[in-house]
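Take a look at the structure below.
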Amino acid sequence: MALAPAPAFVPPRYIVVEGPIRVGKTSLAKILADRLHARRILDSEDNPFLQAFYEEHPGAAFAAQMHFLIERYNLLKELDFASDPNRVVVSDFLVEKDKIFAYINLDDSELKVYDLYYESFRERLPTPDLVIYLQATPEVLKKRIAKKNHPIEAELSEEYLEEVAKAYEHFFFHYTASDLLVVNTSEIDFVDRNDDLQELMRRLSQPVKGTQYFLPLGSR
């Protein structure tokens, strides 16, 4: 009996790049969108409550978190893949990651309110075909934040960055909603080193099934 041919690789149509602050997710999302001629959706950075949150004003964490949740929902709610079978979308945020920061920054009473809105919003949004999770150590993130020299980000403590990095690790260790490619970026630079970028692009031209890990040559 002849074996049936392997199914053809169907490229993902909805790709999300995720990871902690300054790990390179927006840079990679822009590169992928350009290469794939895709619609690009970038996370909102304009949050009027963020400065007050960093200054630890009472209630600012809840206000900032709700603002991010509503903005992220508004960015994604109009996605309609059924009406355009050839549409490709690349985003630099996963809406589920909103809960990572909510559970770090909100108290129990705030979380009860937050969860009501989150669950209502999430059920109306599509699930990605592929998530690319970019990892980096807190030390590397701190160096990249210093290099970026954004005044608000400079106020982030190493303890907070470590807590965020650990929360991301925990979240994606249990993530099963989409195919997932985990990429450690601590020792590579796909923004400034073309060889690193080309190696990553070659990997992304191949299927990702379940959770897989990508160790670029530059980090070995």
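The values are calculated or read from the model by the stated rules, or taken from the named source; none is laboratory data. Just so it is clear, the structure is predicted and the values come from calculations on it, not from any experiment. Positions of Cβ are backbone-derived with ideal geometry, glycine not excepted, and every protein chain shown enters the neighbour counts. Ligands, DNA and RNA are stripped out before the accessible areas are found, and what is left, the full protein with its side chains, is counted by its heavy atoms. Shrake-Rupley method; radii C 1.70, N 1.55, O 1.52, S 1.80 Å.
Observations on the model:
- Area accessible to solvent at GLU159, 1.4 Å probe radius, in Å²: 130
- A simple count of charges around ARG87, restricted to other residues whose Cβ falls under 11 Å of its Cβ and scoring Lys, Arg +1 and Asp, Glu -1, yields 0.
- Which of HIS150, HIS174, HIS37, HIS67 is most accessible, then next, and so on - probe 1.4 Å: HIS37, HIS174, HIS150, HIS67
- Restricting segment 133-219 to trypsin sites (Lys or Arg not before Pro) in coil, as DSSP defines it, with at most 13 other Cβ within 10 Å: ARG193, LYS209
- Helix-only [θ]222 nm of the chain, DSSP H runs n ≥ 4, -39500 (n - 2.57) each, per residue, nearest 500: -13500 deg cm²/dmol
- Heavy-atom accessible area ranking, 1.4 Å probe, most first, across SER157, SER83: SER83, SER157
- GNM result for the chain, Cα springs below 10 Å: residue of LEU197, LEU69, LEU181 fluctuating most strongly: LEU197
- Length-normalised contact order of segment 77-220 in % [C-alpha pairs under 8 Å, at least 6 apart]: 24
- Segment 25-127: trypsin sites (Lys or Arg not before Pro) in DSSP coil with no more than 14 other Cβ atoms inside 10 Å: LYS77, ARG87, ARG124
- Per residue, the Cα convex hull of segment 112-220 amounts to 146 Å³.
- Per residue, the accessible area of segment 107-164 comes to 59 Å² when a 1.4 Å probe rolls over the protein heavy atoms.
- Shape of segment 13-71, Cα gyration tensor, a/c cut at 1.5: prolate
- The chain shape via C-alpha gyration tensor axes, a/c threshold 1.5: oblate
- Qualifying GluC sites (Glu not before Pro) for segment 59-150 [loop in DSSP, other Cβ within 10 Å: at most 15]: GLU78, GLU123
- For the chain, size of Cβ-based charge dipole, Lys and Arg +1, Asp and Glu -1, in debye: 1000
- The lysines whose alpha-carbon is closer than 27 Å to the alpha-carbon of LYS147, local same-chain residues fewer than 8 away aside, are LYS25, LYS30, LYS97, LYS166.
- Aspartates and glutamates with Cα under 15 Å of LYS112, excluding same-chain neighbours fewer than 8 positions away: ASP98
- Descending Cα extents along the principal axes, segment 51-100, whole Å: 47, 16, 15
- Long-range HN-HN contacts of TYR14 with modeled amide H, under 5 Å: VAL89, ASP129, LEU130
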